[in-house]
1. Quick check, is Ala313 assigned to a helix (DSSP H, G or I) and more than 16 Å from the ligand (Cβ to nearest atom)?
2. Could you list, in sequence order, all residues of region 230-260 that are in a loop (DSSP other than H, G, I, E, B) and within 30 Å of Arg297 (Cβ to Cβ)?
3. Inspect all residues belonging to region 341-359 and state whether any of them is in contact with a His (Cβ under 6 Å, 6 or more places away or on another chain), closer than 29 Å to Tyr93 by Cα and basic (Lys, Arg).
4. So, Ile310, is that one over 26 Å from the mean Cα position of the chain (by Cα), within 17 Å of Ala395 (Cα to Cα) and of a type in the set (A, V, I, L, M, F, W, C) or not?
5. Pick from Leu384, Leu374, Leu389: which is over 20 Å from His219 (Cβ atoms) and either among the aromatic types (Phe, Trp, Tyr) or within 16 Å of the ligand (Cβ to nearest atom) (or both)?
6. Looking at region 70-90, is at least one residue among the hydrophobic types (A, V, I, L, M, F, W, C), over 22 Å from the mean Cα position of the chain (by Cα) and at pLDDT 95 or above?
Amino acid sequence: MGRLIIVSNRVPSPRERTQPAGGLAVGLRDAVRGGSSMWFGWSGNQAEGEGDPEPSFDTVDGVTYATIDLTESQHEGFYQNFSNGILWPLFHYRVGLMNYSRRDWQIYLEVNALFARTLVPLLKPDDVVWVHDYHLFPLGQALRDLGVTTRIGFFLHIPVPPWSLVRSLPGAELLLEDLQAYDLIGVQTDEDADNLNQSFRVNGLTERARAFPIGIDPHEFRAQAEAGVGSDEAERLRASLRGAALVLGVDRLDYSKGLPERFRGYEALIARYPEHRGKVTFLQVAPVSRGDVEEYRLLRRQLDELTGRINGAYAEFDWTPIRYITRPIARDILAGFYRMADVALITPLRDGMNLVAKEYIAAQDGESPGVLVLSHFAGAAPELDEAVLVNPYDADEIADALHQALTMGLDERKARWRKLDAEVRRTTAGSWARDFLQALDEAQATPATPAA
Ligand code: ADQ
């Protein structure tokens, strides 16, 4: 059995105690544990000078982390502009937020070619390569162009809209053609697989997409939550609530997460159901992400204003309706907060999966579990259909769902949670990686394109 080579835009620093707030790092830890493996990608650092960068290596617990630096203009064109300013909004069904530019498309292709050139000398013939996410759509083809014939799989962590939307991207057909270089393409849900296969079909290409819903490590997370609930921070939070119910939201500060809609939904709860005033507190943790992209700055301003307005209108001298934190909170403490929360309010407008929803379920105490209020448009919704599901665009529906959750009896909470917990245990981070790699192993090998 050859090595597993994982390629992603960012490589988590193996020596950092807290992992970055991103689902990929969490999901892949399991896949690289044990066997011989290498993780290749961008270091997060800026390259000095011209010419191709030399990779740096660091081996920790049997995993070799190989990283390269990018120049400022590569980082801007490839990562900030094309990946996060064009592909991210488009694939989250927000065509109107897409800031297309041909120059960024060129830089995106160049950086993918650079990844391929730097990776090829590190590969051995029996390695299996697993490429991750929208930053690296063309990488498989770039590797094939350099003569790589080994198995190459791809997993897309974000949703896939139908072809009628995807085609708004100039050159979308070329991206789809590049995707044909992969032996297998994994996506999060059946809907995503259907949409991607439809795009392949209408362009006369081979259908290669299959759903592999990503999961978490529920045992580890439960243990973290049990420990976290006894932390000083959890004690302080509990004391500060003074008996009020806790509604918790945890997300990266991103427009896909439906935060303004969520704040308005909570406002509708306290406006229409006055019995909850003073008896409930909404804590939203949303660390700033991609702060150098304009849309993210606008979103932050909008949330600052909404929080101020809602708190100004409804607060009492001894009660604040919304507590809103844009700094990150350590994972183990957060896990304790999940366990304490009576309700998790997770209302993305679109989300590939949403691991926070699964973590919330894993964190609960089965004797008195909390209630998950979840958007229909999270990739997790088809699996977690025992949650209270909402359309996140309707503030009144969010308010009704919150009221239902806050007044739900113990028997119903337990019954729903047991089914949800069974789902979260069924497809874990480990089984996700194993299932994908097994299917990749069985996938029909693509005849390699001869090197030019
Ligand atoms: P993300 O958009 O980052 O991931 P999500 O899956 O919810 O979204 O979160 C990933 C991880 O980051 C979770 O483990 C979560 O606990 C952590 N996290 C999120 N917000 C945090 C916060 N405020 N503080 C600390 N930690 C936080 C992308 C896709 C998702 C998909 C994942 C995995 O957008 O749809 O589920 O990849 O495929």
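1. Taking the combined requirement at face value, the residue satisfies it.
2. Answer for region 230-260, where residues must be in a loop (DSSP other than H, G, I, E, B) and within 30 Å of Arg297 (Cβ to Cβ): Asp251, Arg252, Asp254, Gly258.
3. Taking every residue of region 341-359 in turn, at least one turns out to be in contact with a His (Cβ under 6 Å, 6 or more places away or on another chain), closer than 29 Å to Tyr93 by Cα and basic (Lys, Arg).
4. So Ile310 fits the description; yes.
5. Just a single option satisfies the conditions, and that option is Leu374.
6. yes
This table checks each residue for (1) under 25 Å from the mean Cα position of the chain (by Cα); (2) within 16 Å of the ligand (Cβ to nearest atom).
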position: Leu146; (1), (2): no, no
position: Ile158; (1), (2): yes, yes
position: Tyr182; (1), (2): yes, no
position: Asp192; (1), (2): yes, yes
position: Asn203; (1), (2): no, no
position: Gly228; (1), (2): yes, yes
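Here's the yes/no breakdown for (1) at pLDDT below 95; (2) touching a Ser or Thr at 6+ places or on another chain (Cβ under 6 Å); (3) surrounded by fewer than 19 Cβ atoms within 10 Å (Cβ to Cβ); (4) hydroxyl-bearing (Ser, Thr, Tyr):
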| site | (1), (2), (3), (4) |
| --- | --- |
| Leu136 | no, no, no, no |
| Arg144 | no, yes, no, no |
| Ile152 | no, no, no, no |
| Pro162 | no, no, yes, no |
| Arg167 | no, no, yes, no |
| Thr189 | no, no, no, yes |
| Gln198 | no, no, yes, no |
| Arg201 | no, no, yes, no |
| Pro213 | no, yes, no, no |
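The values are calculated or read from the model by the stated rules, or taken from the named source; none is laboratory data. Everything numeric in this text was worked out from a predicted model, so none of it was measured. Counting neighbours? That spans all protein chains shown, and the Cβs are built from the backbone with ideal geometry, glycine included.
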